[in-house]
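Asks: Take a look at this one; I'll ask things after.
The values are calculated or read from the model by the stated rules, or taken from the named source; none is laboratory data. Note that this is a predicted model, so its numbers are computed, not measured. Here the Cβ is made from the backbone with ideal geometry for all residues, glycine too, and neighbour counts use every protein chain on show. For accessibility, only protein heavy atoms count, side chains too; no ligands or nucleic acids. Shrake-Rupley method; radii C 1.70, N 1.55, O 1.52, S 1.80 Å.
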Amino acid sequence: QYMLDILDHVGMLNYKPCSTPMDTQAKLFADGVAVADPTFYRSIVGALQYLTFTRSDIAYAVQQVCLYMHDPREPHLGAMKRILRYLQGTLDLGLHLHRTTPADLIVYTDADWAGCPDTRKSTSGYAVFLGDNLISWSSKRQPTVSRSSAEAEYRAVANGVAEACWLRQLLQELLHPLRHATVVYCDNVSAVYLSSNPVQHQRTKHVEIDLHFVRERVALGEVRVLHVPTTSQYADIFTKDLPTSVFTEFRSSLNVCGAPS
């Protein structure tokens, strides 16, 4: 109903739906003709931000249009309308939670190195599963420019580990402590290697805080950082626009699906 209210407010109830919320052929830039009504743009994007609480599949697309709320342009408005067209074709989808065992934390982390064409900052994303249920996710641009893909990926790992530590503490306070270490999956071999090996210290001073934070958690036995192939890196959906087939597969893996019959 909330999605229908947004579409009705914009007047897009009868628009042609699309298969993905982002165009894989075009990147958003800070250029173009300014929109006629910036307040309208900001109100709709704000409504979409609220919608990401139950629709994790649009988190990256919404994050991209949120970057230009201070000065929206026509291409940004077009990207916002594409998200709405995608929602119109997927009104029956939502985040599903169900009882599952074993209840261990699993984290997928990813980064799109230098993906922002204006600032060359990277986008970090993570997906946290408790058992088979997605309980936490993020798509956020990194505050600093990374000089290598390994650095960008390692910052994403650090963000995922920080979220996992908070959730582990929360579960302990709820008298349901986790018995096993949290597995953090990353598709960058160098980032996985750095998580447990302190070699090449001089080359990693610029990410020293993140390095020590993750290594400390690994040493305590709370976290294990492992490699995962890109084909199974579900956090990709939070860092980049994906082809329809890959996007649909990852969306299903995040338990964003239709209502059970």
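Asks: Of the conditions (1) touching a His at 6+ places or on another chain (Cβ under 9 Å); (2) under 26 Å from Ala59 (Cβ atoms), Arg147 fails just one. Which one is it?
Replies: For Arg147, the exception is condition (2).
Asks: OK, next. Just one of (1) in contact with a strand residue (DSSP E or B) (Cβ under 8 Å, 6 or more places away or on another chain); (2) modelled with pLDDT of 95 or more; (3) loosely packed, with under 15 Cβ neighbours inside 10 Å trips up Asp5, so point out which.
Replies: Here Asp5 clears every test but (1).
Asks: Another question, then. If Val161 passes every condition in (1) surrounded by 13 or more Cβ atoms within 10 Å (Cβ to Cβ); (2) in a loop (DSSP other than H, G, I, E, B) but one, which one does it miss?
Replies: Among (1) surrounded by 13 or more Cβ atoms within 10 Å (Cβ to Cβ); (2) in a loop (DSSP other than H, G, I, E, B), Val161 violates only (2).
Asks: Now for a different question. Where in region 17-109 are there helices (runs of 4 or more DSSP H), lying fully within it, with 3 or more residues that are under 28 Å from Arg120 (Cβ atoms) and open to solvent by 50 Å² or more (accessible area, probe 1.4 Å)?
Replies: Working: elements: 38-51, 59-66, 74-89.
Once the helices (runs of 4 or more DSSP H) in region 17-109 are filtered for at least 3 residues that are under 28 Å from Arg120 (Cβ atoms) and open to solvent by 50 Å² or more (accessible area, probe 1.4 Å), what remains is 74-89.
Asks: Within region 129-151, which residues are under 15 Å from Thr239 (Cβ atoms) and touching an Asp or Glu at 6+ places or on another chain (Cβ under 8 Å)?
Replies: Listed by number, the list holds a single entry, Ser138.
Asks: Touching a strand residue (DSSP E or B) at 6+ places or on another chain (Cβ under 9 Å), closer than 25 Å to Ser196 by Cα and assigned to a loop (DSSP other than H, G, I, E, B): which single residue out of Ser124, Ser138, Ser146 fits that description?
Replies: Answer to the check: Ser146.
Asks: Something else about it: Quick check: is even one residue across region 175-186 closer than 24 Å to Gln63 by Cβ, touching a helix residue (DSSP H, G or I) at 6+ places or on another chain (Cβ under 7 Å) and at pLDDT below 95?
Replies: Looking for residues that are closer than 24 Å to Gln63 by Cβ, touching a helix residue (DSSP H, G or I) at 6+ places or on another chain (Cβ under 7 Å) and at pLDDT below 95, one finds none in region 175-186, hence no.
Asks: Of a type in the set (S, T, N, Q), under 17 Å from the mean Cα position of the chain (by Cα), at pLDDT below 95 and open to solvent by less than 60 Å² (accessible area, probe 1.4 Å): does that describe Asn197?
Replies: no
Asks: Determine whether Ala30 is on the phi < 0 side of the Ramachandran plot and touching a residue at least 60 places away in the same chain (Cβ under 8 Å).
Replies: yes
Asks: Of all the residues that make up region 217-239, how many are closer than 29 Å to Leu28 by Cβ and surrounded by fewer than 20 Cβ atoms within 10 Å (Cβ to Cβ)?
Replies: 5
Asks: Moving to a separate point now. Using the structure shown, decide if Ala150 is in contact with a Ser or Thr (Cβ under 8 Å, 6 or more places away or on another chain) and either open to solvent by less than 30 Å² (accessible area, probe 1.4 Å) or within 19 Å of His212 (Cβ to Cβ) (or both).
Replies: Yes.
Asks: Listed residues Leu91, Leu77, Leu67, Leu95; which is closer than 30 Å to Leu178 by Cα and in contact (Cβ under 8 Å) with a residue 24 or more places away in the chain? Give the steps one after another, and end with the answer.
Replies: Details: Leu91 fails: closer than 30 Å to Leu178 by Cα; Leu77 fails: closer than 30 Å to Leu178 by Cα; Leu67 fails: closer than 30 Å to Leu178 by Cα.
Every option except Leu95 fails the conditions.
Asks: Which one is least open to solvent (accessible area, probe 1.4 Å) among residues in region 240-255 that are outside any loop (DSSP other than H, G, I, E, B) and over 17 Å from Ile106 (Cβ atoms)?
Replies: That would be Phe247.
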